[in-house]
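**Q** This is the structure, below, for whatever I ask next.
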Amino acid sequence: MHRLQDLRQSLPHGGDPVRECDILVVGAGPAGSMAAFTAAPHCDVVVLEKRAHIGVPKQCAEGTSEGLFEKLNIPLNPTWISRKIEFARLISPSRITVDLKDERVKQLKFGYVLERKKFDKGLAELAARKGAEFHLRTQYQGLKREDNHVVVKARQFNEDLTFKAKIVIAADGLMSRVAKDLGIDSTTNLRHLESCCQYEMTGIDRESCIELYFGNEIAPKGYAWIFPKEGDVANVGIGILPTRAEYPAKYYLDKFVNWLGLSGEIVEVNAGGVPVSGPLDQTYDDNLLIAGDAAHMANPISGGGIHTAMLSGKYAGDTARKAVETQSLDKKTLSEYETLWKADFGRELDMSLKGRFILEEFTDEDFDATAQWMNEKGVGQLGAVDLVKFALKRHPTFAVKFASFLTS
Ligand SMILES: Cc1cc2nc3c(=O)[nH]c(=O)nc-3n(C[C@H](O)[C@H](O)[C@H](O)COP(=O)(O)OP(=O)(O)OC[C@H]3O[C@@H](n4cnc5c(N)ncnc54)[C@H](O)[C@@H]3O)c2cc1C
């Protein structure tokens, strides 16, 4: 293997080295670093990241599930965790609260509020220790297929770089360009783009509980959240569907902060988008795998995408490694990747997308009535059949949709 630094030194001044590798990953978020971590012990892996600091700025409320790290066999570094979460609380427009405790919170896949600046970098460090070569402040510019390879152009500071890879893993997030450049349209339709704004605030003393607020005045076709971090710090944020809202996300966030009378100081502002369309129809092609947000794998209801980014990254790394070892870089071989991620979380994304469309039709009265009903029934006792029965009474048309997706 010839690292880029070695190639530069061996060339006469002004030479344009081509760094050949087995797998080129674009993006060092959870999907990209996980792919690199998985493949690097077996193959020559290069990662390009446009940012100077991995994980900075964070564009995330940082909540994720407890079982994820065990499932992926990733040693959970305590410095990645800002707060361990005990349960979730749903709050309706009239402030009826429903506490989801124990098993329920596990199903919702929230177990920690992470410190993503440390977590994203920590994951990259794990991949680097396995042998992956990282290029920071290196922006992917474009690519073309050549014979059985892909030639990638990138810009590092003021320098143009060329890479030649057998497989490219597109892990370049929501605004992904890599897949598009190889002919797979990965643009997120505005109808399926959740727009988010978040303040990290001091002075928010909360239990170890994530709070989710629903209502059409509060967060049109989305929800608002308070995710407590260490001490009195919390992520206070909102996600809305801009196509169904009158104002930008920041307007609703400021209104929400005033409504709750939160008086702490804002120490960080984060904004970003989440693709809530459900996954791309095709997440692989000749020489190409697409993972995480680039493949629209965030959960369409919660907007959570750390878990699917890491899982898809792992499957992409595994599939790419096998393809390199067998020298089969065609889409038929690489389709194995889609089989793997679909078997793991395909149904979760499918169900959530259908659920999202139902929730989008909820009025504020529906949210209140649902919260009241959940408390009367006792959340620990609720099953799918209860949900359908309740929906039947309230909205027969929703109930039919509910029943069809619960049984699909
Ligand atoms: C406000 C907000 C709150 C959220 N809250 C949560 C939450 O609480 N829990 C949860 O699970 N999910 C949450 N999400 C979603 C979550 O952040 C994403 O799903 C997750 O980060 C996806 O990981 P990824 O690796 O696919 O993409 P990203 O984390 O976006 O990483 C992509 C990487 O690619 C790099 N890149 C992009 N273009 C290029 C280029 N041309 N060249 C080189 N590098 C490039 C980027 O710099 C970035 O580092 C939230 C999102 C937002 C916006």
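The values are calculated or read from the model by the stated rules, or taken from the named source; none is laboratory data. Everything numeric in this text was worked out from a predicted model, so none of it was measured. Glycine also receives a Cβ, built like all others from the backbone with ideal geometry; neighbour counts cover every protein chain displayed. For accessibility, only protein heavy atoms count, side chains too; no ligands or nucleic acids. Shrake-Rupley method; radii C 1.70, N 1.55, O 1.52, S 1.80 Å.
**Q** Within the set of pairs 6+ apart or on separate chains, which have a first residue in segment 41-54 that is closer than 15 Å to SER176 by Cα, a second that is within 7 Å of the ligand (Cβ to nearest atom) and open to solvent by 20 Å² or more (accessible area, probe 1.4 Å), and C-beta atoms under 6 Å apart?
**A** LYS50/GLN139
**Q** Within the bounds of segment 344-364, is there any residue that is farther than 29 Å from VAL113 by Cβ and more than 16 Å from the ligand (Cβ to nearest atom)?
**A** Yes, segment 344-364 contains a residue that is farther than 29 Å from VAL113 by Cβ and more than 16 Å from the ligand (Cβ to nearest atom).
**Q** Residues that are loosely packed, with under 15 Cβ neighbours inside 10 Å, in contact with a strand residue (DSSP E or B) (Cβ under 9 Å, 6 or more places away or on another chain) and among the hydroxyl-bearing types (Ser, Thr, Tyr): does segment 95-103 have at least one?
**A** There is at least one residue in segment 95-103 that is loosely packed, with under 15 Cβ neighbours inside 10 Å, in contact with a strand residue (DSSP E or B) (Cβ under 9 Å, 6 or more places away or on another chain) and among the hydroxyl-bearing types (Ser, Thr, Tyr).
**Q** Which of the residues belonging to segment 243-260 are open to solvent by less than 50 Å² (accessible area, probe 1.4 Å) and at pLDDT below 95?
**A** Residue satisfying the conditions is ALA245 alone.
**Q** Would you confirm whether any residue within segment 330-345 is surrounded by 21 or more Cβ atoms within 10 Å (Cβ to Cβ) and on the phi > 0 side of the Ramachandran plot?
**A** No, because not a single residue in segment 330-345 is surrounded by 21 or more Cβ atoms within 10 Å (Cβ to Cβ) and on the phi > 0 side of the Ramachandran plot.
**Q** Something else now. Got a sec? Which strands (runs of 3 or more DSSP E) wholly within segment 233-351 have at least 1 residues that are of a type in the set (Asp, Glu) and within 30 Å of ILE85 (Cα to Cα)?
**A** By residue number, 266-275.
**Q** Can you pull out every residue in segment 263-293 that is within 10 Å of the chain's Cα centre (by Cα) and near the ligand (Cβ under 6 Å from one of its atoms)?
**A** VAL274, GLY292, ASP293
**Q** Sticking with this structure for a sec: Tell me, which residue of segment 195-225 that is without any contact (Cβ under 8 Å) to a residue 60 or more places away in the chain and assigned to a strand (DSSP E or B) is surrounded by the most Cβ atoms within 10 Å (Cβ to Cβ)?
**A** Only one residue fits best here, namely ALA224.
**Q** Scan segment 56-72 and report the pairs whose first residue is within 13 Å of the ligand (Cβ to nearest atom) and whose second residue is at pLDDT below 95 and part of a helix (DSSP H, G or I), with Cβ atoms within less than 7 Å and a gap of 6+ or a chain change.
**A** GLU66/LYS106
**Q** Could you list all residues from segment 18-60 that are in a loop (DSSP other than H, G, I, E, B), more than 18 Å from the chain's Cα centre (by Cα) and within 22 Å of ARG321 (Cβ to Cβ)?
**A** Passing the criteria: ALA40, PRO41, HIS42, CYS43, ASP44.
**Q** Here is a further query. Among the listed residues ARG129, ARG177, which satisfies the condition of being outside the structural domain of SER208 (by TED's automatic domain parsing) and in contact (Cβ under 8 Å) with a residue 24 or more places away in the chain?
**A** Working: ARG129 fails: in contact (Cβ under 8 Å) with a residue 24 or more places away in the chain.
Every option except ARG177 fails the conditions.
**Q** Something else: If we only count strands (runs of 3 or more DSSP E) wholly inside segment 101-192, which ones have 2 or more residues that are among the polar types (S, T, N, Q) and within 11 Å of the ligand (Cβ to nearest atom)?
**A** Strands (runs of 3 or more DSSP E) meeting the threshold: 138-146.
**Q** Same structure, new question: Quick one: which residue in LYS144, LYS117, LYS84, LYS130 is surrounded by fewer than 21 Cβ atoms within 10 Å (Cβ to Cβ), over 30 Å from ASN158 (Cα atoms) and basic (Lys, Arg)?
**A** LYS84
**Q** Hey, does segment 314-328 have a residue that's within 15 Å of the ligand (Cβ to nearest atom) and acidic (Asp, Glu)?
**A** The answer is no; no qualifying residue exists.
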